[in-house]
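Notes follow the structure.
Rule-based calculations on the coordinates, nothing more; no lab input. Since we're looking at a predicted model, the values are computed, not measured. Neighbour counts are summed over all protein chains in view; Cβ atoms, including those assigned to glycine, are modelled from backbone coordinates with ideal geometry.
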Amino acid sequence: MPLVRIDLQRGRSKADLKAILDAEHKILVQDFGVPVRDRYQIVTQHDPEEMVIEDTGFGIERTDKFVMIQVTMRGGRTESQKQTFYRDLVKELQTNAGVEPNDVMVVISENGSPDWSFGNGDAQFLK
Amino acid sequence: MPLVRIDLQRGRSKADLKAILDAEHKILVQDFGVPVRDRYQIVTQHDPEEMVIEDTGFGIERTDKFVMIQVTMRGGRTESQKQTFYRDLVKELQTNAGVEPNDVMVVISENGSPDWSFGNGDAQFLK
Amino acid sequence: MPLVRIDLQRGRSKADLKAILDAEHKILVQDFGVPVRDRYQIVTQHDPEEMVIEDTGFGIERTDKFVMIQVTMRGGRTESQKQTFYRDLVKELQTNAGVEPNDVMVVISENGSPDWSFGNGDAQFLK
């Protein structure tokens with residue numbers, strides 16, 4: 001279910017891009033308990049001047065490998081589940097996609113069951 | 001009012017793109033009862049490796065004609081209105097824009113009246 | 001904190017783009033009281049046929065300089081704060097970025113404290 005938007009700078013290989021998407025999806029399935037085919041990822045690649053990413057004063061260094069991950073999903077996940085997701089995600093991206101934890105930002109937005117039509121004009125979550 | 005983001009693969013003609021936008025807007029006006037000039041559509045076109053779209057296990061086949069439609073609008077629409085919108089939208093896209101129902105996904109996010117400024121620095125819904 | 005997505009037509013210089021981003025961020029900091037390094041802006045540039053922007057019937061003229069600003073932030077800002085933000089933003093964009101008030105639209109979506117990880121796998125707002 002989650003719709004995942006991933007924004008990053010142009011210049012990565014297709015293999016690197018795939019590694020990022022695979023890592024994100026693996027942790028999503030693991031930590032939010034969604035089906036393995038619950039995968040909806042959209043990447044937009046940007047020129048450097050199109051992304052200005054700082055750190056709110058948290059002392060987090062950014063590089064040109066920065067990845068913004070915006071997740072839209074149904075409400076119902078707990079604080080604890082989200083925290084686990086953040087923690088596991090940076091580890092997986094570091095280990096298997098060459099993205100350092102300081103270059104990973106996640107923003108979640110929630111909606112409801114009537115807000116999803118996965119295809120064929122149905123509202124699958126209402127059935 | 002709705003802000004509609006449409007993501008799809010590169011390669012469609014301008015006429016095909018226009019047909020998709022026209023179809024989406026027609027059903028939006030019809031089923032959500034918004035003014036005909038309540039039209040705010042933003043398309044982003046992607047390379048194939050930038051979109052990974054599966055089916056949650058619902059058995060929905062995807063092609064390279066897949067269209068993701070993300071709608072941000074004020075709350076207040078009912079479940080029934082949303083279901084009608086999904087159903088009518090896939091029919092219209094199939095009939096007039098050459099997009100099959102299995103290639104149409106919709107995600108809705110809601111906000112409130114203070115969250116919209118359509119121009120000139122005003123919050124038009126608060127007036 | 002706010003994640004700010006900015007969509008506009010291709011064709012502006014890097015300097016013009018920077019002026020828009022600087023103007024938006026200046027007013028964000030000023031009117032929402034966020035830290036000066038609380039800056040997360042992502043621009044996507046579009047071909048003309050990728051953006052259809054009308055006016056809901058409010059009589060707002062659009063040009064090819066139109067700028068869509070979509071803000072995702074934690075809830076808690078008042079109606080009044082948002083109205084001030086809209087008003088100040090169009091003035092700043094007009095004065096310092098060459099964008100007229102009729103070409104500025106803002107849409108806000110809100111989420112919660114658990115929904116933000118700024119880096120390192122932490123949920124910084126929960127600490």
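Laid out as a table, the results:
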item	result
Inter-copy spacing of C:Gly76 label points, which lie 7 Å from Cα along Cα→Cβ, given in nm from shortest upward	2.8, 2.8
Residues in the stretch B:84-110 that a label on B:Thr63 would reach, taking backbone N under 19 Å of a point 7 Å out along Cα→Cβ	B:89-106
Candidates A:Asp31, A:Asp55, A:Asp88, ranked by Gaussian network fluctuation over chain A, Cα under 10 Å, top entry	A:Asp55
Restraint check, A:Lys14/C:Lys26; A:Lys127/B:Lys14; A:Lys127/B:Lys91; A:Lys26/C:Lys127, Cα-Cα greater than 30 Å	A:Lys14/C:Lys26; A:Lys127/B:Lys14
Local net charge near B:Gln83, Cβ-Cβ under 12 Å (Lys/Arg +1, Asp/Glu -1)	-1
Listed residues A:Val99, A:Val71, A:Val43, most fluctuating in chain A (Gaussian network, C-alpha, under 10 Å)	A:Val43
Normalised contact order of chain A, rounded percent, pairs of Cα under 8 Å and 6 or more residues apart	32
Residues whose placed amide H lies under 5 Å from that of B:Thr44, excluding near-sequence neighbours	B:Ile6, B:Asp7, B:Leu8
Selected from B:Phe58, B:Phe85, B:Phe32 as most flexible by GNM, with chain B as the system and alpha-carbon contacts under 10 Å	B:Phe58
Proximal aspartates and glutamates relative to C:Lys82, as straight alpha-carbon distance under 14 Å, when same-chain residues fewer than 8 apart are discounted	B:Asp115, B:Asp122, C:Glu24, C:Asp31, C:Glu110
Charge sum, other residues only, whose C-beta stays under 15 Å from B:Gln30's C-beta, Lys/Arg counted +1 and Asp/Glu -1	+1
Alpha-carbon centroid distance for the pair the stretch B:1-34 / the stretch C:10-66, whole angstrom	22
In degrees, nearest ten, helix B:14-32 long axis to first principal axis of chain B (Cα)	50
Position A:Asp47, label points 7 Å along Cα→Cβ, spacing to each other copy in nm (shortest first, one decimal)	1.7, 1.7
Shortest-first distances to equivalent copies, position B:Gly98, nm, label 7 Å out along Cβ	3.8, 3.8
Angle in degrees between helix B:79-97 and the longest Cα principal axis of chain B, rounded to the nearest 10	50
Counting DSSP beta bridges with both ends in the protein assembly as shown, the antiparallel % (nearest 5)	45
Net charge of Cβ neighbours under 12 Å - reference B:Leu8; Lys, Arg +1; Asp, Glu -1	-3
